[in-house]
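Asks: Supplied in structure tokens, the structure appears directly below.
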């Protein structure tokens, strides 16, 4: 079928909305009409750094309506409202033990440009277009494996839900699925973008007594306060480690580092109390740490977390229920754009104008 999609032809090129051919779903796959899709930093990384093959249709926070199901699909039917998340094989040890975010084929299936049968669903003439995260949601329709398609509540605005498939799931899941903070403990969140703010909302749900938010934009710190942070610090204005240690009585129990900025990563370790744990979720370049003084000497831990260590079909519906109950107001992060404003949405995301842009395709 003919669709419209935002194609990335080469490294660093602006998105170009073009006519594309989408193949019909194969066995275990579904055709989804995309209603909206989130704009995520990972899309910008793929556009600018060449982590996936070009030409490609990016986008990996899609929400929409199932229009057609392939053979053997049992969990979905036409008319279902769905959110699409990351691709995973469903067969390796990590998938089978509830950790599909570290699937043995994760990089291949999400960044390799092809579906799990090693073929493409998107074409322009004789040219194959790569698939991203098993969905390529910067298009009016997608074909995805039913494994990474999550049925969601019809009562909730479908255009709002796409970011639950990646960024928001990452922040909330890191707290609720991996760190699992005890009631009454303290946590510091570094970076108040969509991931960090989702972690703050999750920390409030978990019952953290002290929730510290760190950023360099006062507007984002104000939003962090609104969403549950008990203390906020502008990293340009104060010594973050000193202030957190002072306010928490020696350091926090937990940290979530979402910036990927090496000096901030180091702050996230130094602000822990003995036996504290920090989860690294930002894409961080090579950096040096003093293993003895930063970690081992006080029994601290630093862990990496992908996609919030979530099982999307279990976790995303839970987030929707928290939203409906007024306990996870992630709609406060969102700014909507039309599909033809895609390049503006990425610019606004990069300069901090929008916390979580969402493109409306229908």
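Asks: Grab the strands (runs of 3 or more DSSP E) fully contained in region 194-310, keeping just those with 3 or more residues being under 22 Å from the mean Cα position of the chain (by Cα).
Replies: Working: elements: 210-215, 231-234, 252-257, 272-280, 301-304.
By residue number, 210-215, 252-257, 272-280, 301-304.
Asks: Please give the strands (runs of 3 or more DSSP E) falling wholly within region 13-93 in which 3 or more residues are under 24 Å from residue 156 (Cβ atoms) and more than 22 Å from the chain's Cα centre (by Cα). Spell out how you get there, then give the answer.
Replies: Numbers: elements: 16-22, 29-38, 62-69, 81-84.
Strands (runs of 3 or more DSSP E) meeting the threshold: 62-69.
Asks: Would you confirm whether any residue within region 292-307 is out of contact with any strand residue (DSSP E or B) (no Cβ under 9 Å at 6 or more places or on another chain) and either surrounded by 14 or more Cβ atoms within 10 Å (Cβ to Cβ) or touching a residue at least 40 places away in the same chain (Cβ under 8 Å) (or both)?
Replies: Yes, the conditions are met somewhere in region 292-307.
Asks: Name the residues in region 94-116 that are over 20 Å from the mean Cα position of the chain (by Cα), free of Cβ contacts under 8 Å to residues at least 24 places away in the same chain and surrounded by 15 or more Cβ atoms within 10 Å (Cβ to Cβ), would you?
Replies: Of everything in region 94-116, just one residue is over 20 Å from the mean Cα position of the chain (by Cα), free of Cβ contacts under 8 Å to residues at least 24 places away in the same chain and surrounded by 15 or more Cβ atoms within 10 Å (Cβ to Cβ), namely 114.
Asks: Would you mention how many residues in region 18-51 are crowded, with 20+ Cβ neighbours inside 10 Å and either in contact with a strand residue (DSSP E or B) (Cβ under 7 Å, 6 or more places away or on another chain) or closer than 14 Å to residue 131 by Cβ (or both)?
Replies: 16
Asks: Report yes if residue 194 is out of contact with any helix residue (DSSP H, G or I) (no Cβ under 8 Å at 6 or more places or on another chain), at pLDDT 95 or above and under 28 Å from residue 37 (Cβ atoms), otherwise no. Reasoning before the result, please.
Replies: Numbers: out of contact with any helix residue (DSSP H, G or I) (no Cβ under 8 Å at 6 or more places or on another chain): no; at pLDDT 95 or above: yes; under 28 Å from residue 37 (Cβ atoms): yes.
Considered against the rule, which asks whether it is out of contact with any helix residue (DSSP H, G or I) (no Cβ under 8 Å at 6 or more places or on another chain), at pLDDT 95 or above and under 28 Å from residue 37 (Cβ atoms), residue 194 comes out as no.
Asks: Then there is this: Only one of these conditions is not met by residue 163: (1) out of contact with any strand residue (DSSP E or B) (no Cβ under 8 Å at 6 or more places or on another chain); (2) touching a residue at least 12 places away in the same chain (Cβ under 8 Å). Which number is it?
Replies: In the conditions (1) out of contact with any strand residue (DSSP E or B) (no Cβ under 8 Å at 6 or more places or on another chain); (2) touching a residue at least 12 places away in the same chain (Cβ under 8 Å), residue 163 misses (1) alone.
Asks: Quick one: would you say residue 188 is crowded, with 20+ Cβ neighbours inside 10 Å and part of a helix (DSSP H, G or I)?
Replies: Numbers: crowded, with 20+ Cβ neighbours inside 10 Å: yes; part of a helix (DSSP H, G or I): no.
No, not satisfied.
Asks: Output the residue which, of all residues in region 119-133 that are touching a strand residue (DSSP E or B) at 6+ places or on another chain (Cβ under 9 Å) and assigned to a strand (DSSP E or B), is nearest to residue 23 (Cα to Cα). It would help to see each step written out before you state the result.
Replies: First, the residues of region 119-133 that are touching a strand residue (DSSP E or B) at 6+ places or on another chain (Cβ under 9 Å): 119-125, 128-133.
Imposing the further condition that a residue be assigned to a strand (DSSP E or B) reduces the set to 122-124, 128-131.
On the way: 122: 6, 123: 8, 124: 11, 128: 11, 129: 11, 130: 13, 131: 12 Å.
Checking each candidate, the answer is 122.
Asks: What tally of residues in region 315-353 results from selecting those that are over 22 Å from residue 154 (Cβ atoms) and either free of Cβ contacts under 8 Å to residues at least 60 places away in the same chain or in a strand (DSSP E or B) (or both)? Quick ask: steps written out before the conclusion?
Replies: Narrowing region 315-353 to residues over 22 Å from residue 154 (Cβ atoms): 332-333, 335, 337-353.
Narrowing the set further to residues that are either free of Cβ contacts under 8 Å to residues at least 60 places away in the same chain or in a strand (DSSP E or B) (or both) leaves 335, 337-338, 341, 344, 347-348, 351, 353.
The qualifying residues number 9.
Asks: Using the structure shown, decide if residue 6 is in the same structural domain as residue 132 (by TED's automatic domain parsing), exposed (fewer than 15 other Cβ atoms within 10 Å of the Cβ) and modelled with pLDDT of 95 or more.
Replies: Values: in the same structural domain as residue 132 (by TED's automatic domain parsing): yes; exposed (fewer than 15 other Cβ atoms within 10 Å of the Cβ): no; modelled with pLDDT of 95 or more: yes.
Judged against the criteria, residue 6 is not a match.
Conditions tested, residue by residue: (1) part of a loop (DSSP other than H, G, I, E, B); (2) assigned by TED's automatic domain parsing to the domain that holds residue 26.
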position: 135; (1), (2): yes, yes
position: 144; (1), (2): no, yes
position: 147; (1), (2): no, yes
position: 150; (1), (2): no, yes
position: 155; (1), (2): yes, yes
position: 159; (1), (2): no, yes
position: 175; (1), (2): no, no
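The values are calculated or read from the model by the stated rules, or taken from the named source; none is laboratory data. Just so it is clear, the model here is predicted, and its values are computed rather than measured. Every residue, glycine as well, gets a Cβ built from its backbone with ideal geometry; the counts of neighbours run over all protein chains shown.
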